[in-house]
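The values are calculated or read from the model by the stated rules, or taken from the named source; none is laboratory data. None of the values given here were measured: they were computed from a predicted structure. Don't worry about glycine lacking a Cβ; one is built from the backbone with ideal geometry, like all the others, and counts go over all protein chains shown. For the accessible areas, the whole protein counts, side chains as well, though only heavy atoms, and no ligand, DNA or RNA atoms are used. Shrake-Rupley method; radii C 1.70, N 1.55, O 1.52, S 1.80 Å.
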Amino acid sequence: MPEAPNQKPAPNQPGAPPPKPLKSTLNLPQTAFPMKAGLPLHEPLRLKQWQDSGLYGQIRRARAGSPRYILHDGPPYANGAIHLGHALNKTLKDFVVKTKTMAGFDAPYVPGWDCHGLPIEIKVDEQLGRKKLQMDPVAVRRACRQYAQKYLDLQRSQFIRMGIFGRWERPYSTMDYEYEARIAESFFHFFERGFVFKGLKPVSWCIHDRTALAEAEVEYANHTSPSVYVRYKLTSDPAAIFGSSTESGAPSSRPNLGAKVGDAPQNPIFTIIWTTTPWTLPASLAVAFHPDFEYVALATDDATYIVSATLAPSVVAACSLGEVKEVARFKGSALDRTTFQHPFLDRSILGTNATYVTDDTGTGAVHTAPAHGVDDFATGKRYDLPEVQYVDDAGRQSHTERFGGGVPQPYEGLTVFKSNPVIIELLKEKGALLATANLEHSYPHCWRCHNPVITRATEQWFIAMDTPMRAPDGSETTFRDRALAEIKTVTWDPVWGQERITNMVTTRPDWCISRQRIWGVPIAVFLCGKCSTPLRDPAINKQIVDLFMRESADAWYIHTPEELLPAGTACNACGHTVFRKEMDILDVWFESGASSHAVLDFDPDVQQAPNDPDPRADLYAEGGDQHRGWFMSSLLCSIGMHNRAPFKSVATYGWTLDEKGRALSKSLGNFIDPVAIMDQLGGDIVRLWVASVDFREDVVASLPLLKRLAEEIYRKLRNTFRFMLGNLHDFDPATNMVEDFSKLEPLDQYMLARTAELTKKITTAYTEFEFHRVYHALNEFCNSELSALYLDVLKDRLYTFAPNHPARRSAQTVIYKITEALARLTAPILSFTADEVWQSLPPLANRPTSVHLTLFPKPEDLSSTDTKQLEEDWAALIEVRIRVLKILETERSEKRIGKSLDCVLSLSARANYPGSFYDALKKYEMNLAELFGVSSVQLGSFNNNPEVGGLLSIVPIAVNNSRRCDRCWRYTFDVGHSSAYPTVCLRCAEALDAIDFPPYATNV
Ligand SMILES: [Zn+2]
Ligand SMILES: [Zn+2]
Ligand SMILES: [Zn+2]
């Protein structure tokens, strides 16, 4: 930042000193805008000012009637203080809302919270401890509600502290009575239209939390599992496989391709399965073979083994089978409908065919437990196998006596992972174990408790992805295909989001929407007490929605079916009149996904205008992991409710990582608490950090980086503002403004043109959510154009000219316009500082009280449109300036000259040559001394002078034939020409006269 010239009394200056020091006559900057920001102290005061003046309400009223821009807030989970990811999320949204507002849109922001679900219930369980055993579900729900409210309040205060504007006093939350009712309403909408079924299905199950998990709640991590090779003895007629002639008419359709036909082996025949979940073996019902793979029969001394031909060598090695002889070769289709003996239970195992069998690992023979695998379940359905299920909610092997001849199996009561070694021991005992080892592999874990999960068939409620439905044009389609079609109508930013969510929707299984917990919205369905058929009565469902609206979803736990159902209600299926309530609750993803209905359909503050042909929200913006989470559930809920996507565009951001690319965590010691940063450095520093990163990628944060932002970048911006405000201390925009662009000094005109250019660049970047480009453009402008050039050059004019000199007013006009424009352009990012700048501008009637009530500046309001030549000329002059300053610097460091003002610059340029600087230099010859900061410039030209060479010759010469002005320190020939002010130049004399400075004598 330029400093005021250091006005020491000059030595060797003849004459008596003037009555007051001349320094006091300089127009030095004055401002109350402090250099030291004190953001941690001052931001809360500004927040209070915003709150007291109802700023958000004022903004809403000011924009009423403008085109709407709806950013629908994805609700964070209310179970802790905010972390840096929250800060990034809310700040980015605030950037969008503020930039749209300042671009003239009516852009409301209604924040939301996700308040139900397992993490809160578990925390409350921990807090209640044994007390919970005596509490009824309603009391537990109340405790959960209090817990969620506490963190909603905490997070709200933290978001407000960050300078995020929104309807904070009335956010939405998934535990609002009305929201709970709307969730139930959304569910009933699906339920009444046949999308919902209750069925046994294998789902990811957390045995620690005792609940089913949605796909989005499963994460992969390394886990060590015991892998076992187990032999299953063939019990059906081998001839069916080996194509032996003993079976009459051994059908040629039995594709014993290449079989070395002969009698079936006399030794016992086995197949070998390989599994990493020995605990599922009690539920083993089948072995699956790929119908098209080749299988071989390998004979050892005492047995024959059937395995995939491809995998045979690795199986022989792993199981140490020793010398083997291939005795037959056939396709897997030959093994369909064969039977085997279960390795330790009295059960027949069916040979089946399935195309998901692979030949890259294992044996090509896949142990199949329909209760414990999605593929297995499908095979079980095709072959009509029962779903044998021993594993209970807590993951314990139970009721094993059913296949133990009435005696419990040795693994009875053990959790699945603990039952593994017992089962391996049992296999060994039964002679069925061929090999065992430990295998570390990527394995699904619960995202809440981080324990490994299992697959388990349970009774769950589902939304069927392939439910038939109609497209808006009336054509027949399915729920899944509607979702895929709607994805194409949405703008995905970054674009890869579209492919990601398309793949997820294409392959996702039916949506398991039930959870076996308390803290949520119940699946409010009545089940027949006799046949369990769900009651489907829209009128009754409507009454439940109204009830939840009045009493919250707690009502489901308070009232009995008799209280809730009209007298005489009977089961549609069996006529029975006694009902029970379904006590499962809905998946929280269904709850937040229903926000397009619960919030956008009913809250007038975030609805598109009634006449808007496209009622979708303009933007959903969340982390890139939400394609499988909130974006997906919102899409599906909205298609169910409205047959359209809920959003026009979806933007995602990356993870916050440290400089080494590691996630931020307390245990790694790289955790960054945004609240601590605000207390230490300020909310604007957090905001500046968000603007500095390219959010579409993973973003880097560290304490040193934030400190550097505060100490370098922010300080520079602040000091630039401070310098400009300081030079406006005697500027009254109403009376001192130079209104006519053509009357401005040429450099000032040029700077307005540059500011108009910057405005265009920044507002475009805002439109494209390229906030980091705004950040870089701002820094570049403040450093290169303002600080290093314009404000540096202006010092002489601002400080030494008469206060009301037209050239000084010209400079002030432009500084005023730049400050005013920059305050508005930075307001979405530096929301506190920009408003502080705004309120430090010289007073002007009718100016809005806060920068946040203004619109972005328009380029055409800043500058004349016809500035092409001007900009070209000055770009050339600035190029020359850079070279001049370099030469002056060299001369100075080699002690050949003193200050720049102690120089006369001899400048020659090659004329009449393409790319020559001469024309611009000549045109603005009068401005060159100011531009270069020297006492005077002697401009000359040359034509292809071989002695000079190049385009320019720059020679600084120490002044020796003129006097230095005692006030402005320039050397001029007119110092002493004024009899009233004999030690100064005529320009300064004029300035002194203008401020009625008393004349003084000299003793020359
Ligand atoms: Zn868990
Ligand atoms: Zn019934
Ligand atoms: Zn002077």
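Tabulated values for the structure
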| read-out | value |
| --- | --- |
| Residue among 555, 573, 567, 539 that alone is surrounded by 15 or more Cβ atoms within 10 Å (Cβ to Cβ) and away from ligand 1 (no atom under 16 Å from the Cβ) | 555 |
| Helices (runs of 4 or more DSSP H) fully within the stretch 663-753 counting 2 or more residues that are in contact with a strand residue (DSSP E or B) (Cβ under 9 Å, 6 or more places away or on another chain) and over 30 Å from residue 813 (Cβ atoms) | 683-692 |
| Helices (runs of 4 or more DSSP H) contained entirely in the stretch 775-880, each with at least 3 residues that are of a type in the set (Val, Ile, Thr) | 806-826 |
| Residue within the stretch 830-849 that is under 30 Å from residue 921 (Cβ atoms) and surrounded by fewer than 20 Cβ atoms within 10 Å (Cβ to Cβ) present | no |
| Test: residue in the stretch 31-41 that is assigned to a helix (DSSP H, G or I) and open to solvent by 40 Å² or more (accessible area, probe 1.4 Å) | yes |
| Tally of residues being open to solvent by less than 30 Å² (accessible area, probe 1.4 Å), closer than 15 Å to residue 636 by Cα and in contact with a strand residue (DSSP E or B) (Cβ under 8 Å, 6 or more places away or on another chain) across the stretch 479-508 | 4 |
| In the stretch 779-823, the residues that are open to solvent by 10 Å² or more (accessible area, probe 1.4 Å) and touching a Ser or Thr at 6+ places or on another chain (Cβ under 8 Å) | 787, 817 |
| Tally, over the stretch 509-530, of residues that are open to solvent by 20 Å² or more (accessible area, probe 1.4 Å) and either more than 16 Å from ligand 2 (Cβ to nearest atom) or in contact with a helix residue (DSSP H, G or I) (Cβ under 7 Å, 6 or more places away or on another chain) (or both) | 5 |
| In the stretch 923-932, the residues that are open to solvent by 30 Å² or more (accessible area, probe 1.4 Å) and either on the phi > 0 side of the Ramachandran plot or without any contact (Cβ under 8 Å) to a residue 60 or more places away in the chain (or both) | 923, 925, 926 |
| Any hit, the stretch 893-916, residues being under 54 Å from the mean Cα position of the chain (by Cα), closer than 13 Å to residue 953 by Cα, among the aliphatic types (A, V, I, L, M) and surrounded by 15 or more Cβ atoms within 10 Å (Cβ to Cβ) | no |
| Residue in the stretch 940-950 that is exposed (fewer than 15 other Cβ atoms within 10 Å of the Cβ), within 16 Å of ligand 3 (Cβ to nearest atom) and free of Cβ contacts under 8 Å to residues at least 60 places away in the same chain present | no |
| Within the stretch 664-690, tally of residues that are small (Gly, Ala, Ser) and surrounded by fewer than 24 Cβ atoms within 10 Å (Cβ to Cβ) | 4 |
| Residues being in a loop (DSSP other than H, G, I, E, B) and either within 25 Å of residue 428 (Cβ to Cβ) or open to solvent by 10 Å² or more (accessible area, probe 1.4 Å) (or both) - total across the stretch 336-377 | 19 |
| Residue that is nearest to ligand 3 (Cβ to nearest atom), among those in the stretch 781-810 that are of a type in the set (S, T, N, Q) and more than 19 Å from residue 735 (Cα to Cα) | 800 |
| Whichever residue in the stretch 567-615 is over 30 Å from residue 512 (Cβ atoms) and charged (D, E, K, R) and, among such residues, is nearest to ligand 3 (Cβ to nearest atom) | 605 |
| Qualifying position, being closer than 21 Å to residue 346 by Cβ, more than 16 Å from ligand 2 (Cβ to nearest atom) and open to solvent by 40 Å² or more (accessible area, probe 1.4 Å), among 401, 440 | 401 |
| Qualifying positions in the stretch 377-397 - modelled with pLDDT under 90 and hydroxyl-bearing (Ser, Thr, Tyr) | 390 |
| Among (1) closer than 24 Å to residue 455 by Cβ; (2) hydroxyl-bearing (Ser, Thr, Tyr); (3) crowded, with 16+ Cβ neighbours inside 10 Å - the single one residue 333 does not satisfy | (1) |
